[in-house]
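All remarks here apply to the structure that follows.
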Amino acid sequence: MNDLLTMSFFQNALIMGGILSVLFGLLSFFVVIRRMTFLGAGIAHTAFGGVALGVLLGVHPFLTSAVFCLVSALLIGRLVKRETMSYDTAIGIFFALAMALGALFIALKKAYTFDLSGYLFGNILGLNSIDLLVGAGILVLFIPFYFGFFQKLLFASFDDAVASTTGVKSDTLESVLLMFLALIIVVSIKMVGIILVSALVVLPASFGLLISRDYRRVVAASVAFTFVTITGGLFLSYFLDSPAGATMVVVGAIIYFMTMWIRKT
Amino acid sequence: MEDLPAIVFKDVDICYGDFVALERINLTIARGELVSVVGPNGGGKTTLLHAVLGFVLPSSGSIQVLEGSPQEVQPSGRIGYLPQLSNYDRNFPVSARDVVAMARFAQRPFGTKLCEDDRVSINESLNVVGMLDKQHHHFGSLSGGQRQRILIARALAGEPELLILDEPSTGLDAVAQDSFYHLLQEIRHQRDITILMVSHDIGTVSGFVDQIACLNRQLHYHGRAKDCLTPEIVRRTFGPHMNVLVHDENCTSCEHAHE
Ligand SMILES: Nc1ncnc2c1ncn2[C@@H]1O[C@H](COP(=O)(O)OP(=O)(O)OP(=O)(O)O)[C@@H](O)[C@H]1O
Ligand SMILES: [Mg+2]
């Protein structure tokens, strides 16, 4: 155990886990109560196109996937606001388009020298101090936004039209929230991977809603759940010698379903 | 300032694509008045309110609300709004009080908590709709009428100058409806605010409001409710079968009109 904690890759993973616990725990609340969970999965998948483009151009995949995710998050938001498309339609199209572009970029590159499964399912060995710095930077920006605008975000999520008649800039708030969603997803890719990240978007607040119907407790439970899931998953993956991201998702799902079952009986 | 009207529509047309929902609307509502819009389903009542709120733009004509354009006034928090039959997510994790508090939080600067004034106003609004004892209940678990009362309380809590209510009596029981209309009159006198609402029960409403506006794409009538609202007008607005709709015991104001 002591050995484990002194290993630098594991330290990095734990620190990143702590950062992501707060980020996803908080973010998940608004994604779930706004019924945008499919959006989380959709945006994560568009990151694949970005990663592949980065590999093709020889740019850091983090940058290109951040661009892909941000652009698709904002475009989807705009298209839905203008009632050009429904969320499901817009996400379904972007999702597939970005994956297709990703496949094309990889085919163009020809050489399969990069760790595809690492991007898809996460690879904590790849975490470095730059990732931690970026994660911490996003945390520092996200926390004031989240708590400063919490009540306005809550109002806009509950009742968009009425919120806007009382001076809440719900469109702007939603756009900023979507931008954070995109950024948070991108920084978590090394930890959990493109395919698994949607679990971290959906599960925390869904768990919180099982526990309470008071938003304060839902948010608190959501953060606690994410922390237990990520750190629990990390330790377990070390002892079982299993992939970390996948282990976290399984741990989270087990906690969720156990809680649901206990609440029912 | 006081004498300027709260709402002015000048030759307003509103279209959804090719469809003309409102045609040549001229309407002036003075400050402090309680006005009800009546009309058949699809007559454009909600559209009229949306135009006041700035959600839809006129394709011609001009609208003034509280001395500004709807777009200018909308974000100022001077308007309280209750939408028609909103479908809220029953699992949304807020209490009845949290919902009313939203109206106050909306006006707070970035990251600040509620102050004493806010709390007083929230309590008063909850009290006025008779929901103080249920304030800590989960909003989604309340009955439809109780939720409607909470949403009315939220519209009041912002202490607006103009209150816009789209079918506020939907879901209220007979007692609550009656006391609700009394309440509107009371609020109007106490706080000197203008109230524009949509209602379907012409009979009841015409006993309470100052002015009534009959809307079916065009404005067929706008004026005092009592005595002046003739069956001709009602028929023009609602079509020839309207008598069936207004013939009931509650319909005191147009009693003589049916004969
Ligand atoms: N967003 C929209 N797009 C297209 N047409 C619309 C839209 N909103 C309303 N309409 C049309 O405009 C007309 C007026 O609608 P509105 O909702 O204002 O009626 P209403 O008087 O409020 O009816 P109700 O009594 O049923 O509430 C209707 O024919 C409706 O189909
Ligand atoms: Mg309507």
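The values are calculated or read from the model by the stated rules, or taken from the named source; none is laboratory data. If you're wondering where the values come from, they're calculated on a predicted model, not measured in any experiment. Neighbour counts are summed over all protein chains in view; Cβ atoms, including those assigned to glycine, are modelled from backbone coordinates with ideal geometry.
Worth pointing out:
- Residue match in region A:5-23 (condition: within 19 Å of the chain's Cα centre (by Cα) and aromatic (Phe, Trp, Tyr)): no
- Flag for B:LEU53 being within 14 Å of ligand 1 (Cβ to nearest atom), within 14 Å of chain A (Cβ to nearest Cβ), more than 30 Å from A:LEU209 (Cβ to Cβ) and crowded, with 16+ Cβ neighbours inside 10 Å: yes
Condition check ((1) among the basic types (Lys, Arg); (2) within 16 Å of ligand 2 (Cβ to nearest atom)) across all residues:
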| residue | (1), (2) |
| --- | --- |
| B:ASP11 | no, no |
| B:GLY17 | no, no |
| B:ALA30 | no, no |
| B:VAL37 | no, yes |
| B:LYS45 | yes, yes |
| B:LEU48 | no, yes |
| B:ALA51 | no, yes |
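- Any chance B:ALA103 is farther than 16 Å from B:LEU162 by Cβ and either crowded, with 16+ Cβ neighbours inside 10 Å or within 16 Å of ligand 2 (Cβ to nearest atom) (or both): no
- Of the residues B:THR28, B:THR46, the single one that is in a helix (DSSP H, G or I), of a type outside the set (A, V, I, L, M) and either buried (at least 23 other Cβ atoms within 10 Å of the Cβ) or in contact with a strand residue (DSSP E or B) (Cβ under 8 Å, 6 or more places away or on another chain) (or both) is B:THR46.
- Considering residues of region B:57-77 that are under 20 Å from B:HIS222 (Cβ atoms) and not in a strand (DSSP E or B) only, the residue farthest from ligand 2 (Cβ to nearest atom): B:LEU66
- Residue in region B:182-196 that is modelled with pLDDT under 80, within 16 Å of ligand 1 (Cβ to nearest atom) and either under 14 Å from the mean Cα position of the chain (by Cα) or surrounded by fewer than 18 Cβ atoms within 10 Å (Cβ to Cβ) (or both) present: no
- Some residue of region A:149-156 being more than 8 Å from every other protein chain (Cβ to nearest Cβ), surrounded by 23 or more Cβ atoms within 10 Å (Cβ to Cβ) and not polar (S, T, N, Q): yes
- Condition broken by B:CYS115, with the remaining ones in (1) surrounded by fewer than 23 Cβ atoms within 10 Å (Cβ to Cβ); (2) within 13 Å of another protein chain (Cβ to nearest Cβ); (3) within 17 Å of B:GLY77 (Cβ to Cβ) satisfied: (2)
- Any hit, region B:123-130, residues being within 16 Å of ligand 2 (Cβ to nearest atom) and more than 14 Å from chain A (Cβ to nearest Cβ): no
- Just one of the listed residues (B:ARG104, B:ARG97, B:ARG78, B:ARG90) is charged (D, E, K, R), more than 25 Å from B:ASP117 (Cβ to Cβ) and more than 7 Å from chain A (Cβ to nearest Cβ), and it is B:ARG90.
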